[in-house]
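Input: a single structure, listed below in structure tokens.
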Amino acid sequence: MKLSPRSLRQKIFLGYIAGAVLVLGFALLSWGNLNNLEEMVESGEIVSDLFDTTLEIRRFEKNYFLYQTRDDYNELVAYVEKSDELIERPELTIFAAPKVINELELAIHAYVALLKSKAHKMGNSEKIKWEKAMRAKGHDILTIAEQISNNRKSIKRKSLTDAKRLLLAGIVLLIVPGIGAGILFYKKAVKPLSVIEQHMNRISDGEFSLIDTRFSDSELLSLKVAFNKMLLELQTRQSHLVQSEKLASMGTLVFGVAHELNNPLSNIYTSAQILGEELEGGDMEHKRRLLEQIESETERAKDVVGSVLDYSRSRAKFSFNLNRAIGETIRLMKAEIPAGVSITTSVQDDIFIFADKQKIQQVMLNLINNAVDAMDNEGEISISASRSGGNIEIIVQDNGAGMTKDTLSKIFDPFYSSKKNKKGYGLGLFVVHNIIHEHGGSISADSSPNIGTVFTITLPEKES
């Protein structure tokens with residue numbers, strides 16, 4: 001059974017849950033570390049207090065031996081009792097083994113016993129022994145307390161080191177899955193979307209290509225299907241519009257053909273009428289001239305029809321005379337060109353080009369139409385061609401209204417038109433651009449407002 005693709009939304013939700021669990025675990029770990037450190041600090045205060053108390057015991061012990069005052073004795077007793085209370089605190093076991101605590105407790109009890117002895121009734125020798133015993137026990141108490149204090153410092157340092165390590169481990173546990181989740185998100189969401197973005201950029205450049213990348217997420221699959229469906233629809237619509245543009249060009253040619261055929265047909269008709277009237281008599285030389293005129297005008301009409309047939313039927317590339325093809329295009333367009341617009345050509349008659357003749361003629365037709373539209377029924381259009389390193393360079397120049405830099409940057413975009421009357425679909429130059437690129441050539445434009453526009457076409461002279 002084929003499993004349906006998992007939703008990207010589900011994966012993001014699961015990733016969010018996993019991230020929340022990691023953050024919660026890190027928070028609990030940090031909280032535990034803080035609690036341990038807090039307990040360590042509080043317990044350490046008891047050790048510090050115990051060590052300070054033993055120092056006070058030694059200080060008042062010394063004062064009592066020197067001055068034998070009642071106040072020094074009372075202070076000494078008070079600090080001894082305080083130390084006895086402190087060793088009973090359970091927190092002390094964190095920093096000292098029970099054996100050490102027991103030794104300290106025995107030393108304090110022995111010290112208390114000596115302290116309660118009646119020193120004032122002792123002789124000098126006994127008193128010296130008593131003081132010596134007191135100092136020895138006091139030294140033992142201070143030594144053990146100092147040992148516990150040093151041990152506290154070591155344990156504190158170790159606890160801080162352990163806390164840092166745990167914190168670092170927690171950070172690593174957050175960063176590593178975070179990086180992994182980021183990479184996974186990039187592969188599963190960002191990268192597929194970038195693929196779609198690339199296809200959209202290609203569409204903006206006029207290249208229609210379906211998305212063939214395989215996606216595993218249902219949303220991306222739906223987006224791919226919708227995108228490809230839209231793309232096919234766009235291709236269909238554009239092909240229809242391009243065909244409409246071609247038909248518009250054909251309409252221009254048909255109008256020109258009608259105009260071109262009208263004169264020879266009128267001449268043929270007139271000559272045939274005259275010949276019919278003079279069929280049984282008249283000057284034979286005059287009849288011969290009429291027949292020659294009919295033949296000449298018939299050839300002229302035949303050339304016009306032949307040009308149209310060439311334009312409509314040509315779909316394969318072959319080598320043809322460029323000057324003749326441009327001349328045929330201009331002749332078929334003559335009726336559409338205002339009387340105030342002149343067209344001059346400068347193309348050597350020995351220049352032949354390997355291309356689709358009909359499409360090259362359509363390029364010339366569109367460029368001439370654009371030049372005429374840029375003029376106010378008056379101006380000049382010049383067409384020249386020359387060889388350049390195995391290529392043919394064709395230049396179409398006019399002195400019309402020209403274009404701004406912003407308009408110039410968009411003229412080859414589909415459906416873009418700068419014409420005020422919005423005539424056509426804005427596909428003329430787009431079609432020109434595509435035709436030139438289909439032939440392995442290039443086209444560029446340069447224009448200045450109120451000066452004119454120059455189109456430069458480069459095409460390979462021979463078959464590549």
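The values are calculated or read from the model by the stated rules, or taken from the named source; none is laboratory data. What you see is a predicted model, and the numbers here were worked out from it, not measured in a lab. Every residue, glycine as well, gets a Cβ built from its backbone with ideal geometry; the counts of neighbours run over all protein chains shown. Please note that ligands, DNA and RNA were not included when accessible areas were found on the heavy atoms of the full protein model with its side chains. Shrake-Rupley method; radii C 1.70, N 1.55, O 1.52, S 1.80 Å.
Worth a mention:
- All conditions in (1) hydroxyl-bearing (Ser, Thr, Tyr); (2) over 13 Å from Ala145 (Cβ atoms); (3) surrounded by 14 or more Cβ atoms within 10 Å (Cβ to Cβ) hold for Thr54, with the sole exception of (2).
- Applying the criterion of being under 12 Å from Ile148 (Cβ atoms) and hydrophobic (A, V, I, L, M, F, W, C) to the residues of segment 95-106, the residue that is most open to solvent (accessible area, probe 1.4 Å) is Ala97.
- Number of the exception - Leu167 against (1) open to solvent by 60 Å² or more (accessible area, probe 1.4 Å); (2) under 26 Å from Tyr73 (Cβ atoms): (2)
- For Ile46, the conditions (1) of a type in the set (Val, Ile, Thr); (2) surrounded by 13 or more Cβ atoms within 10 Å (Cβ to Cβ); (3) farther than 30 Å from Ile148 by Cα; (4) modelled with pLDDT of 80 or more are fulfilled apart from (3).
- One residue stands out in segment 59-94 among those that are closer than 25 Å to Arg152 by Cα, surrounded by 14 or more Cβ atoms within 10 Å (Cβ to Cβ) and of a type in the set (Val, Ile, Thr): the one that is nearest to the chain's Cα centre (by Cα), namely Ile94.
- Among (1) closer than 20 Å to Glu131 by Cβ; (2) surrounded by 15 or more Cβ atoms within 10 Å (Cβ to Cβ) - the single one Leu22 does not satisfy: (1)
- Pair list, Cβ under 7 Å, 6 or more apart: segment 149-166 residue more than 18 Å from Ile46 (Cβ to Cβ), other residue crowded, with 17+ Cβ neighbours inside 10 Å and of a type outside the set (Gly, Ala, Ser): Ala163/Asn33; Leu166/Asn33
Here is a yes/no grid of residues against (1) open to solvent by less than 70 Å² (accessible area, probe 1.4 Å); (2) over 52 Å from the mean Cα position of the chain (by Cα); (3) at pLDDT 70 or above:
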{"residue": "Ser271", "(1), (2), (3)": "yes, yes, no"}
{"residue": "Leu291", "(1), (2), (3)": "no, yes, yes"}
{"residue": "Tyr311", "(1), (2), (3)": "yes, no, no"}
{"residue": "Ile337", "(1), (2), (3)": "yes, no, yes"}
{"residue": "Ile343", "(1), (2), (3)": "yes, no, yes"}
{"residue": "Asp356", "(1), (2), (3)": "yes, no, yes"}
{"residue": "Lys359", "(1), (2), (3)": "yes, no, yes"}
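- Residue check, Ile144 within 30 Å of Asn36 (Cα to Cα) and either touching a helix residue (DSSP H, G or I) at 6+ places or on another chain (Cβ under 6 Å) or charged (D, E, K, R) (or both): yes
- Close pairs (6 angstrom Cβ cut-off, 6 or more residues apart or separate chains): under 28 Å from Leu29 (Cβ atoms) in segment 174-193, surrounded by 13 or more Cβ atoms within 10 Å (Cβ to Cβ) anywhere: Leu174/Leu22; Leu174/Phe26; Pro177/Leu22; Ala181/Gly15
- For segment 411-443, a residue qualifies if it is at pLDDT 85 or above and either in a loop (DSSP other than H, G, I, E, B) or of a type in the set (Lys, Arg) (or both), and the qualifying residues are Ile411, His439, Gly440, Gly441.
- The residues in segment 369-410 that are among the polar types (S, T, N, Q), in contact with a Gly (Cβ under 7 Å, 6 or more places away or on another chain), farther than 24 Å from Ile353 by Cα and at pLDDT below 90 can be counted, and the count is 1.
- Segment 453-464 residues that are in a loop (DSSP other than H, G, I, E, B), paired with ones that are buried (at least 21 other Cβ atoms within 10 Å of the Cβ) (beta carbon under 7 Å, 6 or more apart): Glu461/Ile353; Glu461/Ile392
- Odd one out for Ile392, checked against (1) under 26 Å from Asp350 (Cα atoms); (2) part of a loop (DSSP other than H, G, I, E, B): (2)
- Failed criterion for Ser117 (all others in (1) part of a helix (DSSP H, G or I); (2) open to solvent by less than 90 Å² (accessible area, probe 1.4 Å); (3) farther than 25 Å from Glu42 by Cα hold): (1)
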